[in-house]
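Taken together, the values in this text are just the output of simple stated rules run on the coordinates, not laboratory data. Here the structure is a predicted model, which is why all the values come from computation and not from measurement.
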Amino acid sequence: TTREGDWLRGSWGRPESCPPGQRLVSFRLRVEAPRGVWDDTAANALAAICSGGSVLEGRGGPQGTWGNWSLPCPPGAGVCGLRTRLEPPQRGGDDTGLNDVDLYCCS
């Protein structure tokens, strides 16, 4: 994790890993668009591709639609860092939690 928000609800899913010798090279998020007066959930699941082509998919919530796959890391490189965007508490407004993720490649 890069940071955990104030809404520590839910539970961690089981860890997902690339096969031995492979690296994470691309990802996409399943995100629910804003719903107006209804409860917004924002990012609900993450899927990733390993350098050998295996696809890992988290067991997140079913809401939202999958975004596009990120540009893959260059050959020989893999994900070595991440940054998350969390919404701060809205104090009376609708809280979403995780809104975006950036992954960084290193060789």
**OP:** List, in order, the whole-Hz ³J(HN,Hα) value for each residue of segment 57-65 obtained from phi through the Karplus relation with A = 6.51, B = -1.76, C = 1.60 and θ = phi - 60°; use x for Gly and Pro.
**Re:** 9, x, 9, x, x, x, 6, x, 10
Subject >> Note, ³J(HN,Hα) from phi for segment 23-28, Karplus 6.51, -1.76, 1.60, rounded to Hz, x at Gly and Pro >> reply: 10, 6, 10, 7, 8, 8
Original post:
Can you work out ³J(HN,Hα) from phi for every residue in segment 43-52, in order, using Karplus 6.51 cos²θ - 1.76 cosθ + 1.60 and θ = phi - 60°, giving whole Hz and x for Gly and Pro?
Top reply: 6, 10, 7, 10, 10, 9, 10, 8, 4, x
